[in-house]
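> Here you go, one structure.
The values are calculated or read from the model by the stated rules, or taken from the named source; none is laboratory data. None of these values were measured; they are calculated from a predicted model. Note that we place each Cβ from the backbone using ideal geometry, even for glycine, and neighbour counts take in every protein chain shown. For the accessible areas, the whole protein counts, side chains as well, though only heavy atoms, and no ligand, DNA or RNA atoms are used. Shrake-Rupley method; radii C 1.70, N 1.55, O 1.52, S 1.80 Å.
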Amino acid sequence: MTSSALALGGVLAAEGSGDGFQAPGLGEFYPEVVASFSVLGIDFEITRITIILWIATLALVAFLIAAVRNPQMVPGKLQFVGESGYSLVRDGIARDVVGPKGLPFAPFLGALFFFILANNLMAIVPLAQISPMSKFAFPLVLAAICWVMYIWIGIREQGAGKYFKDILFLPGVPKPMYILVTPIEILQNFVVRPFTLAVRLFANMFAGHMLLVVFSLGAVYLFQVGNYSVVFGPISALMAIVMTFFELLVIFLQAYVFTVLMGTYLNGSIEAEH
């Protein structure tokens, strides 16, 4: 909540006018178009954030290939990092969260975790310094993929009739209560789940980027403005460094939380409600 409030304050300050320090605003997330093209009448635009997404994805693919290219009984550094990340997802999420039938989903969950992690890390990479996940469209697409998948898995495992019946009419609930419970369950399973999945990732990466930029630009401004403001420059610079390490924690945590929640939804699709 504090991070989001500070980030919002930066946005509002940027929209004002006058002399002095101007905090970054929403323009940070709408960079100029680098290239545009049309396919089948649909217009596409490539921006700096799109290029960062491509770079993160290519770097991830290169890392995974290098990690498994020459596997050894005693793993090297790359193999150890790759295997540790995949083991975290396979054992900690696919097996423990999804359940006994969760291991076949380990590759998907692993790909989801590493993809989000790679793009989140771009928030602290020099010259990039923004995560594509801080733009709502990208987390929303990931959430939509997860939404389609856990519904399809639920239909496949339980059958369409039983799956939707258990969602719409919870077992053990008195029939008159369905008037209240059924609309809530519809919203929770088909609207709230994917929306909150996307918003949680987006909001944390958005707030983190705004905080880093505010403290970094604030330090530069305080060092240049002169007078007694230069005394506070090191404080702002120190806060930028502290927030970078804090953002590193958030980067890993948000990738893990997104994947865990998807594992929870898969568990509900595979195992019928009792």
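> Are any of the residues in the stretch 242-265 crowded, with 16+ Cβ neighbours inside 10 Å, aliphatic (A, V, I, L, M), over 19 Å from M133 (Cα atoms) and at pLDDT 85 or above?
No: the stretch 242-265 contains no residue that is crowded, with 16+ Cβ neighbours inside 10 Å, aliphatic (A, V, I, L, M), over 19 Å from M133 (Cα atoms) and at pLDDT 85 or above.
> From I51, I46, I93, I42, which residue is over 23 Å from C146 (Cβ atoms), out of contact with any His (no Cβ under 8 Å at 6 or more places or on another chain) and surrounded by 15 or more Cβ atoms within 10 Å (Cβ to Cβ)?
Of the residues listed, the single one that is over 23 Å from C146 (Cβ atoms), out of contact with any His (no Cβ under 8 Å at 6 or more places or on another chain) and surrounded by 15 or more Cβ atoms within 10 Å (Cβ to Cβ) is I51.
> Provide a single number: the residues in the stretch 217-235 that are surrounded by fewer than 21 Cβ atoms within 10 Å (Cβ to Cβ) and either aliphatic (A, V, I, L, M) or modelled with pLDDT of 85 or more (or both).
Final tally of qualifying residues: 8.
> Would you mind telling me which numbered condition in (1) over 20 Å from Y30 (Cα atoms); (2) modelled with pLDDT of 90 or more; (3) open to solvent by 50 Å² or more (accessible area, probe 1.4 Å) I179 fails?
(2)
> Which of the residues belonging to the stretch 59-79 are open to solvent by 90 Å² or more (accessible area, probe 1.4 Å) and at pLDDT 90 or above?
Result: I65, single match.
> So which residues in the stretch 97-110 are open to solvent by 60 Å² or more (accessible area, probe 1.4 Å), out of contact with any Lys or Arg (no Cβ under 7 Å at 6 or more places or on another chain) and part of a helix (DSSP H, G or I), if there are any at all?
Passing the criteria: P104, P107.
> If you scan the stretch 154-176, which residues turn out to be more than 29 Å from the chain's Cα centre (by Cα) and open to solvent by 70 Å² or more (accessible area, probe 1.4 Å)?
Passing the criteria: K162, K165, F169, G172, P174, K175, P176.
> Given the conditions (1) of a type outside the set (F, W, Y); (2) open to solvent by less than 30 Å² (accessible area, probe 1.4 Å); (3) in contact with a Phe, Trp or Tyr (Cβ under 9 Å, 6 or more places away or on another chain); (4) more than 18 Å from I116 (Cα to Cα), report the number of the one that L197 does not fulfil.
Every listed condition holds for L197 apart from (4).
> In addition: How about the stretch 16-46: which of its residues are in a loop (DSSP other than H, G, I, E, B) and either at positive phi or at pLDDT 85 or above (or both)?
Matches in the stretch 16-46: G18, G20, L40, G41.
> Right, another one. Tell me, please, whether a residue that is surrounded by fewer than 14 Cβ atoms within 10 Å (Cβ to Cβ) and in contact with a Ser or Thr (Cβ under 9 Å, 6 or more places away or on another chain) can be found in the stretch 133-142.
no
> Among the listed residues A128, A123, A118, A203, which satisfies the condition of being among the small types (G, A, S) and either open to solvent by 30 Å² or more (accessible area, probe 1.4 Å) or free of Cβ contacts under 8 Å to residues at least 12 places away in the same chain (or both)?
Step by step, each of A128, A123, A118, A203 is checked, and only A203 is among the small types (G, A, S) and either open to solvent by 30 Å² or more (accessible area, probe 1.4 Å) or free of Cβ contacts under 8 Å to residues at least 12 places away in the same chain (or both).
> I need the full set of residues from the stretch 64-96 which are touching a Phe, Trp or Tyr at 6+ places or on another chain (Cβ under 6 Å) and not in a helix (DSSP H, G or I), in order please.
Start the filter on the stretch 64-96 by keeping residues that are touching a Phe, Trp or Tyr at 6+ places or on another chain (Cβ under 6 Å), which leaves 89, 94.
If the condition is that a residue be touching a Phe, Trp or Tyr at 6+ places or on another chain (Cβ under 6 Å) and not in a helix (DSSP H, G or I), then no residue fits.
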